[in-house]
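Below is one structure; the comments refer to it alone.
The values are calculated or read from the model by the stated rules, or taken from the named source; none is laboratory data. Small disclaimer: the values here were computed from a predicted structure and weren't measured. Positions of Cβ are generated from backbone atoms using ideal geometry, with glycine treated the same way; all protein chains shown enter the neighbour counts.
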Amino acid sequence: MLQPEVAERNERMSGEVVLDQEWFAVCDIAEIPEDMGFRLEIGADSAVAAFRVDTTFHVVDDRCSHGAASLADGFIEGAEIECPYHGGKFDLRTGEPTAFPCTKAIRVYETKVEEGRLYARPATMNEGSE
Ligand code: FES
């Protein structure tokens, strides 16, 4: 379950990418590299990136908020992803920027794993638990 402020921010950002609120399959968890992301295109100009941090899975918008970099190609440091272009960082749990030059948050998704498959959906303030 996302923190309310994260879900609220996602709601504000929802105009950037049109997605319904249904769960969508991202990948088999075995497809996620140990120290990188797995990229899934979800529209003509949008994609999400899935990451594994220990036993937790995170899904965020793939595009860095500072430029056109794919965060799936970035570097995991703890619960942060470092952008491969200019070294900016984001907290994978909240989407908040944690290192310059990134100053704008990225969207994070709720995740669940069923039978070895990772699912995600954009969270909103109005959603209850599963
Ligand atoms: S494009 Fe990501 S830090 Fe510049």
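The table that follows gives values for the structure above.
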{"read-out": "Condition met for ASP54 (in contact (Cβ under 8 Å) with a residue 24 or more places away in the chain and more than 11 Å from the chain's Cα centre (by Cα))", "value": "no"}
{"read-out": "Residues (over 13 Å from GLU77 (Cβ atoms) and surrounded by 20 or more Cβ atoms within 10 Å (Cβ to Cβ)) located in region 90-102", "value": "GLY95, PRO97, CYS102"}
{"read-out": "Some residue of region 93-106 being under 19 Å from ASP45 (Cβ atoms), at pLDDT 95 or above, in contact with a helix residue (DSSP H, G or I) (Cβ under 9 Å, 6 or more places away or on another chain) and among the β-branched types (Val, Ile, Thr)", "value": "yes"}
{"read-out": "Meets criteria (away from the ligand (no atom under 14 Å from the Cβ) and within 16 Å of THR94 (Cβ to Cβ)) for ALA49", "value": "no"}
{"read-out": "Where GLU31 falls short, out of the listed (1) out of contact with any Pro (no Cβ under 7 Å at 6 or more places or on another chain); (2) surrounded by fewer than 16 Cβ atoms within 10 Å (Cβ to Cβ); (3) farther than 19 Å from GLY116 by Cβ", "value": "(3)"}
{"read-out": "Residues that are surrounded by fewer than 22 Cβ atoms within 10 Å (Cβ to Cβ), in a loop (DSSP other than H, G, I, E, B) and more than 7 Å from the ligand (Cβ to nearest atom), drawn from region 61-88", "value": "SER65, GLY78, ALA79, PRO84"}
{"read-out": "Residue check, LEU40 under 16 Å from VAL108 (Cα atoms), within 9 Å of the ligand (Cβ to nearest atom) and of a type outside the set (Asp, Glu)", "value": "no"}
{"read-out": "Breaking point among (1) aliphatic (A, V, I, L, M); (2) buried (at least 18 other Cβ atoms within 10 Å of the Cβ); (3) over 21 Å from ASP28 (Cβ atoms); (4) within 12 Å of the ligand (Cβ to nearest atom), for ALA105", "value": "(4)"}
{"read-out": "Qualifying residue in region 89-102 (condition: outside any strand (DSSP E or B) and free of Cβ contacts under 8 Å to residues at least 12 places away in the same chain)", "value": "yes"}
